[in-house]
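Engineer: Quick one: the structure is below, and I'll ask about it shortly.
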Amino acid sequence: MARWLEISADYACNNRCVGCFSVADGGPSMDGRELTEQLRAGRAAGAEWLWLGGGEPTMRRDLFAIVRAARKLGYRRVKLQTNAMMLASPGFAARCADEGVTEINLSIKGATAETHDRLAQTPGCFDLMLQGVEAWRGRGPIEGDVLAYRSNVDELPAIVRRFFALGVEKFWVWTLSASDSALPEVAAEVPRLADVVRNVQAAMDLALSPRADFITSLHTPPCTVPASHRGCLFFAADLGLLVANPGGHRFLLETSPMEGGLYLDGCATCSMRARCGGLRADYVALHGDAEFRPVP
Ligand code: SF4
C-alpha cells in the first residue's frame with residue numbers, strides 16, 4: 001500500500017548539478033493525459049500524498065493545473081521537490097500555496113554559495129534559493145534534501161546548521177551515485193560512506209532539533225552506522241513511496257537499484273538482514289565492499 005506518489009513529470013531543470021540525470025530538457029515528458037492517469041493510479045494504490053519531483057517541477061507550465069487536479073482527486077498533501085529558484089519570482093510562492101502546494105523539499109548542495117553554485121553549476125542559484133525560502137516561509141513546512149559529494153561532505157554539519165536557522169525542519173542526506181554518468185569527474189565525486197556517516201553523526205550531535213527523525217541518511221546501511229546514531233537509518237519500504245516516471249513506469253522505491261538490492265555473503269549472518277535494503281551495486285563497484293561487516 002502506497003502512502004506517497006512521487007511523480008517525475010519530466011527531467012528539465014534550471015540547474016545543472018554534477019552527476020544529476022535530471023537535466024534532460026528535451027527528454028521524455030508526461031502530457032496532461034499521462035499525468036492524470038498517474039494521479040489516478042496513485043490514489044488507487046492508496047496514496048494520499050503527492051511528491052512532485054523531476055527535473056525541477058516549478059519549470060512545468062502546467063504545474064498549477066497538476067496541483068489543482070491532485071487536490072481534486074483527494075491528495076491531502078502536495079510536496080514540491082525544488083531548488084527554490086522559481087519561488088523567488090514575485091508572487092510565485094504565494095500562488096503555489098494558494099493552488100494547493102502544502103510543503104517543499106529543498107535540493108541543497110552546500111552551506112555557502114561557493115559550494116552550492118559550483119555543484120549545481122549555476123552561478124547565483126544559492127542566493128535565489130535563499131530568496132525562494134524567504135518567499136515560502138510561513139506557507140508550509142520546509143525539509144532539506146542534501147546530496148553528499150566528496151567535495152561537500154565535510155560541509156554537512158554546516159549545511160544543517162545554516163538551513164535549520166532558515167526554517168528547514170528535517171534533513172534527508174543522499175549519497176551521489178555515478179550510475180547515471182560515465183564521466184570520471186562524477187565518479188571522483190562519489191564520497192566514501194564512512195565520510196558520509198562521520199558527518200551525519202556530527203550533524204546529529206549538533207542536537208538542533210528534538211525530532212527523532214531530524215536527519216535521515218538514505219544510502220548508509222545499518223552496518224556503516226554506529227548503534228548510537230541509528231536513528232538516522234532509512235528503510236525504503238517504510239516510506240510507502242510509489243514512483244511514477246514518464247512512459248508509464250511505476251515502481252515502489254524499495255525495488256529501485258538506487259536504494260540497494262545487493263547483499264554480500266556475510267549479510268546472511270547480519271542481525272539487520274531482514275530490515276536492510278542492501279547495498280547499491282554502483283557504490284560497491286566504485287569503492288569495494290570492505291566497509292560492510294555483518295552487524296552482530
Ligand atoms: S545486511 Fe549486509 S549491507 Fe545490510 S547492514 Fe547487514 S552487513 Fe550491512
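Engineer: Checking Arg211 against (1) in contact with an Asp or Glu (Cβ under 9 Å, 6 or more places away or on another chain); (2) open to solvent by less than 60 Å² (accessible area, probe 1.4 Å); (3) closer than 25 Å to Ala158 by Cα; (4) not small (Gly, Ala, Ser), which single condition isn't satisfied?
Structural biologist: With respect to (1) in contact with an Asp or Glu (Cβ under 9 Å, 6 or more places away or on another chain); (2) open to solvent by less than 60 Å² (accessible area, probe 1.4 Å); (3) closer than 25 Å to Ala158 by Cα; (4) not small (Gly, Ala, Ser), Arg211 is out only on (2).
Engineer: I've got another one for you. Among the residues of the stretch 110-133, is any open to solvent by less than 30 Å² (accessible area, probe 1.4 Å) and polar (S, T, N, Q)?
Structural biologist: Yes, the stretch 110-133 contains at least one residue that is open to solvent by less than 30 Å² (accessible area, probe 1.4 Å) and polar (S, T, N, Q).
Engineer: Considering each residue of the stretch 157-196, count those that are surrounded by fewer than 16 Cβ atoms within 10 Å (Cβ to Cβ), aliphatic (A, V, I, L, M), assigned to a loop (DSSP other than H, G, I, E, B) and modelled with pLDDT of 95 or more, and give that number.
Structural biologist: Result for the stretch 157-196: 1.
Engineer: Which of the numbered conditions does Gln201 fail, given that it passes all the others? Conditions: (1) crowded, with 18+ Cβ neighbours inside 10 Å; (2) within 16 Å of the ligand (Cβ to nearest atom); (3) over 21 Å from Thr82 (Cα atoms); (4) modelled with pLDDT of 95 or more.
Structural biologist: Failing condition for Gln201: (2).
Engineer: What is the one condition in (1) farther than 30 Å from Thr36 by Cα; (2) without any contact (Cβ under 8 Å) to a residue 24 or more places away in the chain that Ser179 does not satisfy?
Structural biologist: For Ser179, the exception is condition (2).
Engineer: So, in the stretch 237-296, exactly how many residues are within 14 Å of the ligand (Cβ to nearest atom) and open to solvent by less than 50 Å² (accessible area, probe 1.4 Å)?
Structural biologist: Here the count works out to 19.
Engineer: Quick one: in the stretch 214-228, of everything that is closer than 25 Å to Asp265 by Cα and assigned to a helix (DSSP H, G or I), which residue is farthest from the ligand (Cβ to nearest atom)?
Structural biologist: Among residues in the stretch 214-228 that are closer than 25 Å to Asp265 by Cα and assigned to a helix (DSSP H, G or I), the one farthest from the ligand (Cβ to nearest atom) is Ala227.
Engineer: Of all residues in the stretch 75-94 being among the charged types (D, E, K, R) and outside any loop (DSSP other than H, G, I, E, B), which is surrounded by the fewest Cβ atoms within 10 Å (Cβ to Cβ)? Even if it seems obvious, please write down each step before you answer.
Structural biologist: Initially, the stretch 75-94 is screened for residues among the charged types (D, E, K, R), giving 76-77, 79.
Now drop any that are not outside any loop (DSSP other than H, G, I, E, B), which leaves 77, 79.
On the way: Arg77: 19, Lys79: 22.
Top of the filtered list is Arg77.
Engineer: Sort out which residues of the stretch 134-150 are open to solvent by less than 50 Å² (accessible area, probe 1.4 Å) and more than 12 Å from Met85 (Cα to Cα), and write them in order of number.
Structural biologist: Listed by number, the residues that qualify are Gly140, Ile142, Glu143, Gly144, Asp145, Val146, Leu147, Ala148, Tyr149.
Engineer: Return the only residue of Leu242, Leu264 being under 21 Å from the mean Cα position of the chain (by Cα) and not acidic (Asp, Glu). Full working, then the answer.
Structural biologist: Details: Leu264 fails: under 21 Å from the mean Cα position of the chain (by Cα).
Every option except Leu242 fails the conditions.
Engineer: For the stretch 1-74, list the strands (runs of 3 or more DSSP E) that sit wholly inside it and hold at least 3 residues that are open to solvent by less than 50 Å² (accessible area, probe 1.4 Å) and touching a residue at least 60 places away in the same chain (Cβ under 8 Å); which are they?
Structural biologist: Output list reads 4-7.
Engineer: Could you count how many residues in the stretch 94-110 are within 12 Å of Met129 (Cβ to Cβ) and out of contact with any Ser or Thr (no Cβ under 8 Å at 6 or more places or on another chain)?
Structural biologist: 2
Engineer: Mind checking which residues of the stretch 135-163 are more than 27 Å from Arg192 (Cα to Cα) and touching a residue at least 24 places away in the same chain (Cβ under 8 Å)?
Structural biologist: Scanning the stretch 135-163 gives Ala135, Trp136, Arg137, Arg139, Gly140, Pro141, Ile142.
The values are calculated or read from the model by the stated rules, or taken from the named source; none is laboratory data. The shown structure was predicted, so the numbers you read here are calculated from the model rather than taken from an experiment. No Cβ is skipped: glycine too gets one built from the backbone with ideal geometry, and neighbour counts run over all protein chains shown. Quick note on the areas: whole protein, heavy atoms, side chains included, nothing else; ligands and nucleic acids left out. Shrake-Rupley method; radii C 1.70, N 1.55, O 1.52, S 1.80 Å.
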